[in-house]
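The values are calculated or read from the model by the stated rules, or taken from the named source; none is laboratory data. Here the structure is a predicted model, which is why all the values come from computation and not from measurement. Don't worry about glycine lacking a Cβ; one is built from the backbone with ideal geometry, like all the others, and counts go over all protein chains shown.
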Amino acid sequence: MERKTWIITGVAVLAFGGVLSLFEDEPDKATAEPKPSASARLVTDEPDEKPSAEPSKPSGIPSPDAAQTEALIRALRAVEPELVAEDDRAVDRARNVCLDITGGKDAATVQGNAKTRFEGGAVPSLTDDQAGDIVTAVRSSFCN
């Protein structure tokens, strides 16, 4: 009987872990630029690029500069302070909202995706009005 309990517990833990993985943010793989292989670099006559101090973001997703990031964080805190428990994560989520906006998705889809992206963790649920305010914060801070 004890072995059966352990098996059931193990299956429940695996299922819970699978559900949690659905809420993790992943970079948009479709917009990531492929890196050339070492042999491809040797064939070209172009000089090697010097590494920058700041890691580059995928080129397809708009990124706020420092002042815009500050405005975005301030606007998101006004909607719900816990939205920016981790500034970097909030900015990444906002960048994806901006990608929806610039990608021409309709307003209802953009708002629904924003709600889904920002819900979870410290913010278990958001209202539709809050999701609309998030979209407004993204638009007004850096995503024109």
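Look at (1) under 13 Å from Asp133 (Cα atoms); (2) out of contact with any strand residue (DSSP E or B) (no Cβ under 9 Å at 6 or more places or on another chain) and you find that Arg89 fails only one, number (1). With respect to the conditions (1) at pLDDT 95 or above; (2) within 15 Å of Ser141 (Cα to Cα); (3) surrounded by 15 or more Cβ atoms within 10 Å (Cβ to Cβ), Pro62 falls short on a single one, namely (1). With the checklist (1) small (Gly, Ala, Ser); (2) modelled with pLDDT under 95; (3) in a helix (DSSP H, G or I) in hand, flag the one item Ala94 doesn't pass. Of everything listed in (1) small (Gly, Ala, Ser); (2) modelled with pLDDT under 95; (3) in a helix (DSSP H, G or I), Ala94 misses just condition (2).
Do we have any residue at all in the stretch 69-80 that's under 18 Å from Gln130 (Cα atoms), modelled with pLDDT of 55 or more, part of a loop (DSSP other than H, G, I, E, B) and not hydroxyl-bearing (Ser, Thr, Tyr)? Yes, the stretch 69-80 contains a residue that is under 18 Å from Gln130 (Cα atoms), modelled with pLDDT of 55 or more, part of a loop (DSSP other than H, G, I, E, B) and not hydroxyl-bearing (Ser, Thr, Tyr).
For the stretch 93-115, a residue qualifies if it is out of contact with any helix residue (DSSP H, G or I) (no Cβ under 9 Å at 6 or more places or on another chain) and surrounded by 15 or more Cβ atoms within 10 Å (Cβ to Cβ), and exactly one does: Leu99.
Find all pairs meeting these conditions: Cβ atoms under 7 angstrom apart; at least six residues apart or on different chains; first residue within the stretch 114-126 and polar (S, T, N, Q); second residue surrounded by 21 or more Cβ atoms within 10 Å (Cβ to Cβ). Going by the 7 Å Cβ cut-off, there are no qualifying pairs.
Residues satisfying the criterion are present in the stretch 67-88 (criterion: within 16 Å of Phe142 (Cα to Cα), surrounded by fewer than 16 Cβ atoms within 10 Å (Cβ to Cβ) and under 12 Å from the mean Cα position of the chain (by Cα)).
Among the residues of the stretch 116-129, the ones that are at pLDDT 95 or above, surrounded by fewer than 19 Cβ atoms within 10 Å (Cβ to Cβ) and not in a loop (DSSP other than H, G, I, E, B) come to 3 in all.
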